[in-house]
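Visitor: Before anything else, here's the structure in question.
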Amino acid sequence: MPERAINDIDFNLSEQLILSIRLGTDGFSFTIHSPSNKQPEAFLHKEGVSSLPFIDNLKQVFSELDFLNHPYRQVRILLVSPRFTTVPLNLFDEKQMEPVFDYNYLRIENEIVLYNVLKENDIVLLFGIDKNVYQYLIEQYPQANVYSHITPLIEYFSGCDYGAENNFSRKMYIALHEQSMDICCFEYKRPIFINSFEYQHIDDCIYYILHIWKQINLNQETNNLYLIGTMPDKERLLRELKRYILHVYAIKTNDKILF
C-alpha cells in the first residue's frame, strides 16, 4: 500500500479511519489507514526533544499535530519497551499480575502494569508503562487499545507459514531495529522464548542470537532462523550467522504488522 502525507487525508471521514501511535525511544510514529484498504496508508514520524521528559514530549506532539485531535474509528497505541514478561493464559490472574511483573523487574517510579491477551498463543503478556503517559493518552482517546510492541510481533511470527513443510519444528524469528532487536522463538504457535535486546555492535547481536539458540536447544542443521527489519551492516550479520546456522533467511514482507 503506497504511503502518502498525513495532510492529504480527508479528516471529515476520520471516524472511518484507524489511528496507530508508536511510542519509542527515538520519538513518535503515526499511521492512519482505512480498514477497507480503499484509502492509502499515511505515515509520520516525529522525533522528541532529548532534554525533555517523555511525557512533556508527548504533550508537545499533541499540541503541534492537529490530526491527533480528530475522532477515529479505532486508536491503537504501541509502547516500545523491553520491560515485558509472559504468563500462561490458564494461570493468569489479573489480581496477581503486578507481583508477577515485580518478580521479573524492579519497578520504576510511577510505573503501572498492563496486559495483552494472546489467545492463539495461550499466553498473557504483562508490560510496564509510565502512569502519567498512560493517563494522558487515555484522556485523549478513552477507547484506545494499548499494546506492548512485542505483542503484534508474536501474533505475526506465530502465524507465519515460512517453512510450512515443517510447521511443528522449533523456529527463531528476529525483528531488527537500528539499536535493538526482538527475538521470538516458537514450537508451532507456542512461544518458548520472547525477549528484546539493545545492542551497540553487530558482534553483540551475534552473541545474543547464538547464546539463545544454544540455550533453548535449537539444532544448527534442522531448525530455521528468520530475520525481518533493517539495521546497520545487516549483510554482515547474515554472513556471520550462516557460519553457525544452516538455515538463515531474511524475510522481505509487505504485511502490515502493527508498526
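The numbers here are math on the coordinates, done by the rules we state, and not lab data. Computed from a predicted structure; not experimentally measured. Don't worry about glycine lacking a Cβ; one is built from the backbone with ideal geometry, like all the others, and counts go over all protein chains shown.
Visitor: Around residue 187, with a cut-off of 13 angstrom between Cβ atoms, what is the net charge of the other residues, counting Lys and Arg +1 and Asp and Glu -1? Let's see the in-between values first.
Guide: Details: positive: 170, 171, 189, 190; negative: 122.
Once all neighbours under 13 Å are counted, the net charge is +3.
Visitor: Shifting gears a bit: With unit charges on the beta carbons (Lys and Arg positive, Asp and Glu negative) and the dipole taken about the Cα centre of segment 5-115, which residue among 28, 87, 99 sits farthest to the positive side?
Guide: Going by the Cα projections, it comes out as 87.
Visitor: While we're on this one: Can you give me the distance in nm between label points at residue 44 and residue 139, each placed 7 Å from the Cα along the Cα-to-Cβ direction?
Guide: My value for the distance between the label points is 2.1 nm.
Visitor: Write down the percent of antiparallel bridges among all DSSP beta bridges whose residues are both part of segment 6-79, to the nearest 5.
Guide: Numbers: 12 of 18 bridges.
The antiparallel fraction comes to roughly 65 percent.
Visitor: Moving on. If you take all C-alpha pairs in segment 1-137, what percent of them are over 20 Å apart?
Guide: Details: 5147 of 9316 pairs.
Result for the distance tail: 55 percent.
Visitor: Additional query: What is the extension gain from residue 15 to residue 54, computed as 0.36 nm multiplied by their sequence separation minus the C-alpha to C-alpha distance, in nm to one decimal? Write down the numbers at each step before the final one.
Guide: Details: separation 39, 0.36 × 39 = 14.04 nm, distance 2.82 nm.
My answer for the length gained is 11.2 nm.
Visitor: What ranking do 100-107, 221-228 get when scored by the average of other Cβ atoms within 10 Å per residue, highest first?
Guide: On the way: 100-107: 13.5, 221-228: 17.8.
Final packing ranking: 221-228, 100-107.
Visitor: Just to compare against my own numbers: the Cα pair-distance distribution for segment 84-148, 10 Å bins, whole % per bin, please.
Guide: P(r) over segment 84-148, rounded to whole percents: 21, 50, 27, 2.
Visitor: Moving on to the next point. Figure the gain on full extension for residue 132 and residue 104 (residue separation times 0.36 nm, minus the Cα-Cα span) and round it to one decimal in nm.
Guide: Values: separation 28, 0.36 × 28 = 10.08 nm, distance 2.23 nm.
Length difference between fully extended and current span is 7.9 nm.
Visitor: Among DSSP beta bridges whose residues both lie in the chain, state the antiparallel percentage, nearest 5. Mind dumping the intermediate values first?
Guide: Working: 40 of 61 bridges.
Once the DSSP bridges in the chain are tallied, antiparallel ones form about 65 percent.
Visitor: Work out from phi, with θ = phi - 60° and the Karplus expression 6.51 cos²θ - 1.76 cosθ + 1.60, the ³J(HN,Hα) of each residue of segment 103-120, listed in order in whole Hz, and give x for Gly and Pro.
Guide: 5, 8, 9, 6, 4, 7, 4, 6, 8, 10, 10, 10, 8, 10, 9, 10, 4, 5
Visitor: Compute, for the chain, the length of the dipole vector about the Cα centre, with Cβ point charges of +1 (Lys, Arg) and -1 (Asp, Glu) only. Units Debye, rounded to 20. Can you show the working numbers first?
Guide: Details: 24 positive and 34 negative charges, 123 e Å.
Charge dipole, the chain, about its Cα centre: 580 debye, nearest 20.
Visitor: A further question follows. Among 141, 65, 180, flag the residue with its Cα farthest along the positive direction of the charge dipole of the chain, charges on Cβ as +1 for Lys/Arg and -1 for Asp/Glu.
Guide: Of 141, 65, 180, it is 180.
Visitor: Considering the convex hull of the alpha carbon atoms of the chain, report its projected area averaged over all viewing directions, in nm², one decimal. Numbers along the way, then the final one.
Guide: On the way: hull surface 60.3 nm².
That works out to 15.1 nm², a quarter of the Cα hull's surface.
Visitor: Note down the magnitude of the dipole of segment 6-79 about its Cα centre, charges +1 on Lys and Arg C-beta and -1 on Asp and Glu C-beta and zero elsewhere, to the nearest 20 debye.
Guide: So the dipole magnitude of segment 6-79 works out to roughly 260 debye.
Visitor: Continuing with the same structure: Tally Lys/Arg at +1 and Asp/Glu at -1 over every other residue whose Cβ is under 15 Å from the Cβ of residue 239; what's the total? Can you show the working numbers first?
Guide: Working: positive: 234, 236, 242, 243; negative: 203, 233, 235, 240.
Taking every other residue near residue 239 into account, the sum is 0.
Visitor: Grab the other residues whose beta carbon is less than 14 angstrom from that of residue 133, score K and R as +1, D and E as -1, and report the net. If you can, show how the numbers build up before the last one.
Guide: Details: positive: 22, 59, 83, 131; negative: 56, 109, 111, 130, 139.
Spelling it out: positives minus negatives among the neighbours equals -1.
Visitor: So if the hydrodynamic radius of segment 159-250 is defined as the Kirkwood radius over C-alpha pairs, what does Stokes-Einstein give as its diffusion coefficient at 4 °C and 1.567 mPa s, in µm² per second? Before the final figure, lay out each step's value.
Guide: Values: Rh = 13.2 Å.
D = 98 µm²/s.
Visitor: Mind listing the long-range amide H neighbours of residue 220? Cut-off is under 5 Å, sequence gap 5 or more, other chains count too, H placed in the peptide plane at 1.01 Å from N.
Guide: none
Visitor: Given q = 0.27 Å⁻¹, what are the Debye log10 I(q)/I(0) values for segment 6-79, with equal point scatterers placed on the Cα positions and solvent ignored?
Guide: Results for segment 6-79 at q = 0.27 Å⁻¹ read -1.34.
Visitor: Provide the gained length on full extension for the span residue 246 to residue 198, in nm with one decimal, where the gain is 0.36 nm per separating residue minus the Cα-Cα distance.
Guide: Details: separation 48, 0.36 × 48 = 17.28 nm, distance 2.52 nm.
Going from the current span to full extension adds 14.8 nm.
Visitor: Can you give the calculated 222 nm mean residue ellipticity of the chain, where each DSSP H run of n ≥ 4 adds -39,500 (n - 2.57) and the sum is split over every residue, rounded to the nearest 500 deg cm²/dmol?
Guide: Helix-only estimate at 222 nm: -7000 deg cm²/dmol.
Visitor: Report, to the nearest 10°, how far helix 202-215 tilts away from the longest principal axis of the Cα atoms in the chain, using its own Cα long axis and a range of 0 to 90°.
Guide: 60
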